[in-house]
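Heads up, the thing below is written out as structure tokens.
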Amino acid sequence: MLTFFTTAKPFRGHEGIIQRNALKSWALLHPDVEIILFGEDEGAAEICHELGLRHEPQTMRSASGTKRLDYIFGRAQEVARHDILCYINCDIVLTREFLEALRRVHSWREQFLGVGRRWDTDIPEEIDFSWTGWESEVLTRARTEGCQRFYHNIDYFFFVRGLYADVPPLVIGRVGWDHWLIGKAYANGAPVVDVSEVVCAVHQNHDYGYHPQGISGVWHDAEAQENWNLARRGQRPRTIEDAQWRLTPTSIQTKPLHWLTPVKRRMREIAQQVAGAVRTTLWHPILSATRPVRRALGLTQAAIPSALRSKKRRHWMD
């Protein structure tokens, strides 16, 4: 059937709740699902014993103590009970939509990489998996209250054993490793299938308290920069937008003009650079020069109704 493998943060507080939700949702997909949890984080051994998961306490870490992707992928492909594997972040809730998508992709090709966009959703409580309607409730909450992320955020990868060999020493919990995984599938000639249209992967929102600098550190610290350097070495990092194929409710279709994705990506980067230059050289000086007048007239940010204010960005890709 399928082997999930993942690693987790300590099982305490809200992180413990959402990780337990995720693991339970995967275990309920099929009686023959295997789940491997890597790491000796607080509560990991206990949750594995409770849910009947395979615990691999040993991990390889960077000099800063961050878990290494190469060890986890190598070990998982070595010990997995099944030939179809899925690396997935331990905050993603899946439903039977995912299992059906995997079956369809697996019957289509012998080699593949399946990925999809996630839905960021607030789930502060434990899910009641004993209730038969839990899947419908979670999916409805995600699609009505949540937000489907863009192509950059990649939280699950399902593939055939052996696709990933010679993984560089990327670290998990920083940016870049997910883009390398898609780029590697391209380099190996495996078709990349975007299953976002039929799979609602529910990402349970959380903070970034595990990093001293929060989300800024996750994206910009020294390990993040080293991840990007490694991801670019010898191949082009890619995102879900680069997928050559997409899974629809009725078929698997070629994504039109997918080969233009690098051009579109570069155009967006240029647009962001131009917008940043305009803000710095034009808009910010205007704001500074007119601040006394605006304050005298009461035209301050505090005076703008909250409904009209722009939402706070979670990170620079928002």
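The values are calculated or read from the model by the stated rules, or taken from the named source; none is laboratory data. Every value quoted in this text rests on a predicted model; they were computed, and no experiment measured them. No Cβ is skipped: glycine too gets one built from the backbone with ideal geometry, and neighbour counts run over all protein chains shown.
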>> If I ask for residues that are surrounded by fewer than 20 Cβ atoms within 10 Å (Cβ to Cβ) and either over 14 Å from C86 (Cα atoms) or not assigned by TED's automatic domain parsing to the domain that holds N89 (or both), which ones from the stretch 33-46 would you list?
In response: E40, E42, G43, A45, E46
>> Looking at the stretch 47-65, can you tell me whether even one residue there is farther than 26 Å from G13 by Cα and exposed (fewer than 13 other Cβ atoms within 10 Å of the Cβ)?
In response: yes
>> Of everything in the stretch 1-38, what is part of a loop (DSSP other than H, G, I, E, B) and hydrophobic (A, V, I, L, M, F, W, C)? Give them in sequence order.
In response: M1, A8, F11, L28, L29
> Across the stretch 149-172, which residue is farthest from H258 (Cα to Cα) among those that are modelled with pLDDT of 95 or more and not in a loop (DSSP other than H, G, I, E, B)?
Replying inline: V160
>> I'd like to check something: does the stretch 5-20 contain any residue that is more than 27 Å from D221 (Cα to Cα) and not polar (S, T, N, Q)?
In response: yes
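Among the listed residues V202, V193, V198, V175, which satisfies the condition of being over 29 Å from S64 (Cβ atoms), assigned to a loop (DSSP other than H, G, I, E, B) and hydrophobic (A, V, I, L, M, F, W, C)?
Values: V202 fails: assigned to a loop (DSSP other than H, G, I, E, B); V193 fails: assigned to a loop (DSSP other than H, G, I, E, B); V175 fails: over 29 Å from S64 (Cβ atoms).
Answer to the check: V198.
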>> Can you tell me which residue is farthest from the chain's Cα centre (by Cα) among those in the stretch 62-118 that are farther than 20 Å from Q244 by Cα and basic (K, R)?
In response: R81
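When you check E135 against the structure, is it in contact (Cβ under 8 Å) with a residue 40 or more places away in the chain, in contact with an Asp or Glu (Cβ under 9 Å, 6 or more places away or on another chain), within 30 Å of D83 (Cα to Cα) and assigned by TED's automatic domain parsing to the domain that holds H179, yes or no?
yes
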>> I'd like the full set of residues that are within 15 Å of R81 (Cβ to Cβ) and of a type in the set (G, A, S), limited to the stretch 1-32.
In response: A27
> Quick check: is even one residue across the stretch 121-133 within 19 Å of I154 (Cβ to Cβ) and either under 21 Å from the mean Cα position of the chain (by Cα) or modelled with pLDDT of 95 or more (or both)?
Replying inline: yes
